Structures are given as structure tokens and as C-alpha cells.
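J.: Dropping the structure in here first, questions after.
The values are calculated or read from the model by the stated rules, or taken from the named source; none is laboratory data. The shown structure was predicted, so the numbers you read here are calculated from the model rather than taken from an experiment. Glycine gets a Cβ as well: all are built from the backbone with ideal geometry, and neighbour counts include every protein chain shown. The area values use the complete protein model at the heavy-atom level, side chains included, leaving out ligands, DNA and RNA. Shrake-Rupley method; radii C 1.70, N 1.55, O 1.52, S 1.80 Å.
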Amino acid sequence: MATILGGPAVRKVQVDEINIWLVTDENASVEASLTLAPAGAPIGKSTLESQRPVRLGQRLFFYLLKIVPQEGQSFPKERLLYYDIHVNGQGLVDLGLTTGVKSITYQNEILPSLLIPEKHRHILQGSCRKPHAARKSKVAQSDQLTEADRILGQHRNDTEKRPTMLVLTGDQIYADDVATPLLKALNRKGAELAGLDEELPPRQGKNKPENPEAIPLHGRDRVLDKKEGFTSSHGKNHLMTFGEYVAMHLAVWGGIEVTLPAWKDVKDEIQQKRVTKSVGKGVKTKKVDDISKWDYEGEKTRTEQFLANTWKTRRLMANVPTYMMFDDHEVTDDWNLKESIKDALAKEGSLGRRVVTNALGAYWACQGWGNDPESFGKTFKDILSRHFSNMAAGKAAATEATLLKRNWSYCVPGYPVLVAIDTRTDRTYAKKGNQPKLLSEQGFKWLKKTLTELGQAYPDQREEQTLLLLSPDPVFGFKPLELKQEKVVKFLKSASTVVDAEYWSANKETYEEFLHALDDHAFTRDVIFLSGDVHYSYNVLESKIGAEAGGADRYFQLTSSALCNHPTEFGAGVMNLIERKAGRTPEFSYLKANGQNSVVNSDNSVGSVWFSNGLPFKAVCHFFDPKKESSYVWTYDLVNPKLREK
């Protein structure tokens, strides 16, 4: 009997196609159907081609079921639509997914549902979700995707208020910063799903292939070091194998349950370190565990608390179309931040290149495919399947080239239209210094071409259309902090990975080119940048970014971060101090929420954007206060916005 490992999750939705993502542990007979009522007659069925899985492991079969309407028809708008999936003849009810405490439906509904609006009225956004993020040693941080699930559940039957799009703007997983007990569990699960213990290319100066299973827990940073292109300061449990990357996605999406091992079961596998202390007139050296039992058990408790609620994430994604873009942590911290890092990670035959390939393969299978299904043809899928399904010798080079040379930007038509830009793989670098250009010449060509085509598709609709532009890094940053980062890097260039100096304005030439491209090609009155990355939330309004006629009238930067990774109390205090000392900021107009004097907030959050007739009128940040252990909101008026003076 086939087991569902991931999904169902609603991905790209249009009036002529609905795509449902699913992962099973065997090559099953799978088909999907759409109805107007839970027990109604089908108005759409999945295509035969989409019912053929892409095999990426001995027990990994990925489906993107494309449901299409009956010939000559479109799916109805402004009414709830229900879908069912049959796996080897058993529907979602028979499979037990729509009953019980962890049902993927709300309030005992028989089937999951979705809504295709004439124009979106309510969308959700968020970023940065780390499972073992700590509020206290043994208390996990709030996961605000559970708040998104609550919001959808609250409005599920109200077509005016129900969220109809979820936009995840980066760091959906943390591949470099992994809890020690979770890594052990993912390594086991990944090998089980892949059907093998993957061997990787040797390190620089070594001849023996790397076997991640043989590397001590809490010791992978000694293998994935700067020579290989890895700079994470939390990389002791860095993911390495394709199976591990996939298992992480499946775990945080709520599809699989992983059992975290107790300290006594892994103590002998922990990396050892030498410590030296003074004893009389001499010194004494001894070996100790690189992570203490106390810290291990704290990570285990927090991760278990996080995983206990991932079924709500699964339910959320089963009932709302979801679009995503990677940032760095899907692969590794500081991914391509500097030219030296990019060169090391792209080196032919290197360990770093293979790890990035594994990460991007998992990203495609679990995130990227559903964003833009038609852009991935049979040849692309066959290349990945031949390699990842058995890790056969000689197959890696084609897979590496296919994944590493691809640009992952995409566009989703609608009201508003969503344009998501890949600011990671398409980078070039300044002649002097290491500040990256987040888009290359080819990236700019794609963006300008896409905006031109959208302008032709939506002519004379400035007053009823909005452009959503997904940029993982905020386009308009929190300038008081960016200025301090700039000073640090100017004084010490090697600090760019420490202070994450990869914000748009770090490279002035590319930043201005990007803004001018928007000014020349924007076809809507309002442009909204949806971003995350920074682990604090804030919003910005810029009225005109160029002197020329045309372009948008208003540019909003809506930054929602983090879903589950707020800074420590010390870090939040530093942010508050920077804001208080900054005074007025001549670069941007920061939005003030109703009743608030502060413009930046470091608590975990998920964002909402509300529209009326295609135009934004309200933004809401849904926060969780870790001290009071309660939720609260900041509401922003986007029609008559309140601004902190420049």
C-alpha cells in the first residue's frame, strides 16, 4: 500500500489548470478530480501525463497533478471548489487524511477546497522558518504558519475574506542550521527514501569520497569549510545528501513524522573537541562532546514542539495556492554572497558543487516545480530522475549543469500579477569589492521582457491591477541598519558574510538599474515588493522612484520576517536602539501601523495584504509576543498611509 509522504498541496492555479503536489513512496496509480461540492460530479480531472510520477529515489515518487476543466470550459470563479485524490483507488477520505485531529480539512469538511477569485482580495506572505529556533532553552518559538492556518480556517467559507494566495519569500528550510537530533533523524529517513547512503565527491586535497553517514554529529563544519565554499557559522549539522534535503522539506511541510533520537542513543556519535584548562602551574587537555547533553536535549525538545504542529502547515497548503522562492538557507548560508563563494561552489567535480546540486534538486521537487510547471519539460525531469533515482556513476554532471545553470524566476498571471525573481543564482560581481549584483544582464532582460509582455496582456488597467514583485532580499531596506553594515564592510571587506552585506543597495549600479527598469516598464499604479530574509518586519512607501513620466505612482515594500526565527532579546534590543537613534531617514518613507510609533518589529510574524478591485488598501502583520505569549496585529492603511517623516 502506497504511503503519502508529502502533500497534497495546492500549487499554481489558473482558470484552466489547478496543480496539486503529492509525494508517495511507490509508483502508485494516482489521479485527481475537482467538484463544486464534496460529493458532486467532477468538473475537472487530472491529465494522464501529470499522473506519471518523477522518480527521485527508491521510495520517492513526485507528482504534480494537473487538473483541467472539461473541453471548452473554464473553472468557475468566486465559489469554493473541492478536490479529491485517489491513490491506488482510495480517495482522501479512505486514506484517512480528512478525519481525525490532523485532518487536512477544516471543521470536519469532507474534502480540501480552494477558491479562484476574479481578483485577489486577501493574500498571505512569510519567510524564514527554522524548526529549533529558541524562545528559551526548552521552549520553541511560535511558528506563524500556524497563524496563517488559523486565518484561513477562520475565513474558509467567506469568499470575500478567504486568503487565495500564500507567498513564501525564502528560507522555507534551514539546510545549514540544523538541530543535532533532527540531522540524525533526517539522515536515517533520507537514506531510507533514497534507498542508499549517498557518497559525495572528496574534499579539496583528498582522494576518498565523503560519506556523510560517517561524519560525527555536530562535526560537518570540519568538512564543509570555506575551501569548499561554505561560510555558515552554524554549519555543524549542515545537510549534505539529496535524501536529507528532501526529508527536511517533507518534515517541515508536515508530510512525514520523524522520531528524534535520545541523547544516550547518539552520544558516541558526537564530534569531540579538545578543551584546555590551567591546573596549578601547568595545563590539562581533555576531549569533550562538541555539544553538551543540556544543549542537545534543548534542541530536541524545541524541534519536537515545532514538528508537533506541522500538520497545520500541511492543512494550510492543502487549501490555498502557494508560491515560493528560495533564499540562501535552502542551500547554505551566504550562498553566492561573494564571487569567491560562488566559484568554490561551482567548481567542477567538487564537494560543494554536489551539495548545491542536491539542494537545488530538492528545491525543484518540493518548491520550484509547482511555481511554474510548464517550464520544466520531459528532458529536464528525465535528467534529474536518472541521477537521483539511483545516484548512478556518470549521471551527476548532467544534473549539476541542468540545475546550476538554470534561472528560477517565474510569473503568475492574475489580479494582482505575481513576478518572482531569482536573486541568488543569477548574480554577478563588481569589478572592485565583493558586493554582488543581484541580477545579471540576462536577469534584467528576463525582467524587462516579462514586464513588457504583462503590460501588453493588461493594457490600460493601471487603476485595477497591481504588480507583486517577490524579491527575497528587501528592495527598500531598513536603511539605518544597512548604513551600519556598509560601514563595517568598507572597513573590513571580509565581514560581508558576517553582516550579510547582500542587500540591493549594496551595489549601487545594479540597484539603480533595477529601479529604472521598473520605472520604465511598470504597467500598474502600484508595485508591491514582497520580501523576507532580515528577521524583522517593516513597510515602506516610495512615491515615484524616477523623474521620468510613466512607471508606477507608488512602490510599497512589505517585509514579513521571520515566520519562526526571531532574534534573541539582545538582537531585538539592538534593532530597537538603532531605530531610536536613527531619527529621520531621508531615503525612504517608513509606514506606521495604526496606533504605533515604532516602524520595525522583530517578533515572529506572517503578513496579510488586502485588495479591493485589484488595488491594495490594507496590510496586516500578525505577530506573536514571546513575553506575553499572545498574538497581536499591526495594521497599515495603504490608501492614506501614515508615514514616519523623512
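J.: Quick check: anything in the stretch 170-192 among the acidic types (Asp, Glu), surrounded by fewer than 20 Cβ atoms within 10 Å (Cβ to Cβ) and either within 19 Å of the chain's Cα centre (by Cα) or in a loop (DSSP other than H, G, I, E, B) (or both)?
T.: No; the residues of the stretch 170-192 include none that is among the acidic types (Asp, Glu), surrounded by fewer than 20 Cβ atoms within 10 Å (Cβ to Cβ) and either within 19 Å of the chain's Cα centre (by Cα) or in a loop (DSSP other than H, G, I, E, B) (or both).
J.: On the given criteria, is GLY205 outside any helix (DSSP H, G or I) and without any contact (Cβ under 8 Å) to a residue 60 or more places away in the chain?
T.: The answer is yes for GLY205.
J.: What residue, among those in the stretch 9-35 that are among the hydrophobic types (A, V, I, L, M, F, W, C) and touching a Pro at 6+ places or on another chain (Cβ under 6 Å), is nearest to ASP94 (Cα to Cα)?
T.: The extreme case among them is LEU22.
J.: Keeping to the stretch 593-617, report how many residues are open to solvent by 10 Å² or more (accessible area, probe 1.4 Å), in a loop (DSSP other than H, G, I, E, B) and of a type in the set (S, T, N, Q).
T.: 6
J.: A further question follows. With the requirement that a residue be at pLDDT 80 or above, within 17 Å of THR425 (Cα to Cα) and part of a loop (DSSP other than H, G, I, E, B), what does the stretch 475-513 give you?
T.: TYR503, ASN507
J.: Are there any pairs with C-beta distances below 6 angstrom linking a residue in the stretch 20-36 that is within 18 Å of PRO76 (Cβ to Cβ) to a residue that is small (Gly, Ala, Ser) and open to solvent by 10 Å² or more (accessible area, probe 1.4 Å), with the two at least 6 apart or on different chains, and if so which?
T.: What qualifies is ALA32/SER46.
J.: A further question follows. In the stretch 159-209, what residues are at pLDDT 95 or above and either at positive phi or acidic (Asp, Glu) (or both)?
T.: Scanning the stretch 159-209 gives GLU160, GLY170, ASP171, ASP176, ASP177, GLU192.
J.: Within the bounds of the stretch 143-155, is there any residue that is on the phi < 0 side of the Ramachandran plot, assigned to a loop (DSSP other than H, G, I, E, B) and touching a residue at least 40 places away in the same chain (Cβ under 8 Å)?
T.: Looking through the stretch 143-155, at least one residue is on the phi < 0 side of the Ramachandran plot, assigned to a loop (DSSP other than H, G, I, E, B) and touching a residue at least 40 places away in the same chain (Cβ under 8 Å).
J.: Then there is this: Identify, from the list GLU118, GLU109, the residue that is under 22 Å from SER608 (Cβ atoms) and surrounded by fewer than 18 Cβ atoms within 10 Å (Cβ to Cβ).
T.: The match here is GLU118.
J.: Does the stretch 571-590 contain at least one residue that is β-branched (Val, Ile, Thr), modelled with pLDDT of 90 or more and open to solvent by less than 40 Å² (accessible area, probe 1.4 Å)?
T.: Taking every residue of the stretch 571-590 in turn, none turns out to be β-branched (Val, Ile, Thr), modelled with pLDDT of 90 or more and open to solvent by less than 40 Å² (accessible area, probe 1.4 Å).
J.: Among the numbered criteria (1) open to solvent by 40 Å² or more (accessible area, probe 1.4 Å); (2) part of a helix (DSSP H, G or I); (3) out of contact with any Pro (no Cβ under 9 Å at 6 or more places or on another chain), which single criterion is violated by TYR245?
T.: Only one criterion is unmet by TYR245, namely (1).
J.: Among the residues of the stretch 377-390, is there at least one that is open to solvent by 10 Å² or more (accessible area, probe 1.4 Å), out of contact with any strand residue (DSSP E or B) (no Cβ under 9 Å at 6 or more places or on another chain) and in a loop (DSSP other than H, G, I, E, B)?
T.: Looking through the stretch 377-390, at least one residue is open to solvent by 10 Å² or more (accessible area, probe 1.4 Å), out of contact with any strand residue (DSSP E or B) (no Cβ under 9 Å at 6 or more places or on another chain) and in a loop (DSSP other than H, G, I, E, B).
J.: Can you pull out every residue in the stretch 121-140 that is modelled with pLDDT under 95 and either hydrophobic (A, V, I, L, M, F, W, C) or buried (at least 21 other Cβ atoms within 10 Å of the Cβ) (or both)?
T.: ALA134, VAL139, ALA140
J.: Given the conditions (1) hydroxyl-bearing (Ser, Thr, Tyr); (2) buried (at least 17 other Cβ atoms within 10 Å of the Cβ); (3) at pLDDT 95 or above, which single one is not true for TYR429?
T.: Condition not satisfied by TYR429: (3).
J.: Still on this structure: Taking into account only those residues within the stretch 1-13 that are open to solvent by 10 Å² or more (accessible area, probe 1.4 Å) and part of a strand (DSSP E or B), which is nearest to ALA251 (Cα to Cα)?
T.: LEU5
J.: State yes or no: is LEU403 modelled with pLDDT of 90 or more and open to solvent by less than 40 Å² (accessible area, probe 1.4 Å)?
T.: yes
J.: Something else about it: Answer yes if at least one residue in the stretch 121-139 is assigned to a loop (DSSP other than H, G, I, E, B) and over 28 Å from ARG302 (Cα atoms), and no otherwise.
T.: yes
J.: For residues that are touching a residue at least 24 places away in the same chain (Cβ under 8 Å) and open to solvent by 20 Å² or more (accessible area, probe 1.4 Å), scanning just the stretch 552-570, find the one that is farthest from LEU145 (Cα to Cα).
T.: ASP553
J.: Taking the stated definitions as given, is GLU109 touching a residue at least 24 places away in the same chain (Cβ under 8 Å), of a type in the set (Asp, Glu) and farther than 22 Å from TRP311 by Cβ?
T.: The answer is no for GLU109.
J.: Another question, then. Give the number of residues within the stretch 321-351 that are in a helix (DSSP H, G or I) and of a type in the set (Ser, Thr, Tyr).
T.: 1
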